[in-house]
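One structure below.
Values quoted throughout were computed directly from the atomic coordinates according to the rules given, and no laboratory measurement underlies them. Keep in mind that what you see is a predicted model, and the values were worked out from it rather than measured. So basically every Cβ, Gly included, is an ideal-geometry build from the backbone, and we count neighbours across all protein chains shown.
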Amino acid sequence: MNELVSRSVPVVVAAILLALFPLFGGKFAVDLVVRIMILAVFALSLELLVGQTGLVCFGHAAFLGIAAYAAALLSPQSGPAPLLLLLPAAVVAAGLYALVVGALSLRTRGIYFIMVTLAFAQMAYYVFHDTKLGGGSDGIYLYFRPALSIAGWQPFDLDSGHTFYYFVLASLVFTFTLLAFLARSRFGRALAGIRVNEQRMRAVGFPTYGYKLTAFVLAAMLAGLAGFLYALKDGFVNPELLSWHQSGAVLIMIILGGIGSLRGAVIGAFAFALLQELFQSEAVFGGFAQHWQLTLGFAIIACVALMPNGIVGIGRQLGRRVSHLRRLRHA
């Protein structure tokens, strides 16, 4: 119980700080935090697969992009669509594609699973890139954010003030809380057992294929939530959302933060995005900022080499080194 409280306190403090940030943050900073929180939702969705189930998926961006395109394609150009219709439609679209992809790809393992998920993601990418379905390579615009109306009563307007910021924050809190409860449930413990030793789980009677498929679809639907938020944020969707670069970036986020930790996924999203902004800054790096991919790559390599357990594991890593030094002194 004490361990649960100690882990919850930093999370609650971080949520409060994020809730207060629009009160003193500038427009650019608030927009940046909104983008990072959407990336954090995306990273949490992949953490369910990689960290909790042991399934390394290299096509996760397909679910992000499909949901974003669904939101844009289902939104009329004459006015806002109902939020209670558009949000479930986008999330379900990602889930349905994941059901097909997962049903086939989960029959493979290891590198074959990685390549099959990448292949399905690239198929979806080229459908939107090479056809007129979503505007081709130019993408498609979403002209109005959806509206929430219940019997003529509108609780909030996503276009007013910082409402969209808090909507994204609520989505991040919802995703984190859902996965935290899921990890402590029977289903979560079964996924942990599959990650450690799937053959042993099958031997004791667990239908591991069904568990993995459920986790795959759920992760895709959460990625779809991030895609829906992304479409609403910029009002524009293009095929690059489905590219393998996006899948690689989100995988780097959870590695950077620390695989196997929900907090690590969120921290990794913030660290990755902030490092990207830093190395793109001409005020700091001058003309060399145009080569930001190079410096970002070196920074990530250094972080992984120096922090093998990710940013979230720095405390444990320092604790082990201090304990080792104390043993050497007393030896």
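Specify the residue that is surrounded by the most Cβ atoms within 10 Å (Cβ to Cβ); the eligible residues are those in region 15-68 that are in contact with a Ser or Thr (Cβ under 6 Å, 6 or more places away or on another chain) and over 23 Å from Asp234 (Cβ atoms). Show your work before the answer.
We begin by selecting, within region 15-68, every residue in contact with a Ser or Thr (Cβ under 6 Å, 6 or more places away or on another chain); these are 41, 44, 57-61.
Now restrict to residues that are over 23 Å from Asp234 (Cβ atoms): 57-58.
Numbers: Cys57: 31, Phe58: 18.
Among those residues, the one meeting the criterion is Cys57.
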query: When the residues of region 102-133 are filtered to those that are of a type outside the set (Ser, Thr, Tyr) and within 25 Å of Leu232 (Cβ to Cβ), which remaining residue is nearest to the chain's Cα centre (by Cα)?
result: Ala121
All positions within region 177-198 that are farther than 14 Å from Tyr209 by Cα and not hydrophobic (A, V, I, L, M, F, W, C): Thr177, Arg184, Ser185, Arg186, Gly188, Arg189
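To keep it simple, each residue is scored yes or no on (1) in contact with a helix residue (DSSP H, G or I) (Cβ under 7 Å, 6 or more places away or on another chain); (2) buried (at least 21 other Cβ atoms within 10 Å of the Cβ); (3) within 17 Å of Arg316 (Cβ to Cβ); (4) in contact (Cβ under 8 Å) with a residue 24 or more places away in the chain.
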position	(1), (2), (3), (4)
Ser247	yes, yes, no, yes
Val250	yes, yes, no, yes
Met253	yes, yes, no, yes
Gly260	yes, no, yes, yes
Gly264	yes, yes, yes, yes
Ile267	yes, yes, yes, yes
Ala289	yes, no, no, no
Of the criteria (1) surrounded by fewer than 22 Cβ atoms within 10 Å (Cβ to Cβ); (2) out of contact with any Leu (no Cβ under 6 Å at 6 or more places or on another chain); (3) assigned to a helix (DSSP H, G or I); (4) in contact (Cβ under 8 Å) with a residue 40 or more places away in the chain, which one Ala271 fails: (2)
task: Taking the residues in region 159-181 that are more than 26 Å from Gln52 (Cα to Cα), in contact (Cβ under 8 Å) with a residue 12 or more places away in the chain and among the hydroxyl-bearing types (Ser, Thr, Tyr) as candidates, determine which candidate is surrounded by the fewest Cβ atoms within 10 Å (Cβ to Cβ).
output: Tyr166
- request: Select from region 137-158 the residues that are without any contact (Cβ under 8 Å) to a residue 24 or more places away in the chain, assigned to a loop (DSSP other than H, G, I, E, B) and over 27 Å from Leu18 (Cβ atoms) and list them in ascending order.
  value: Ala151, Gly152
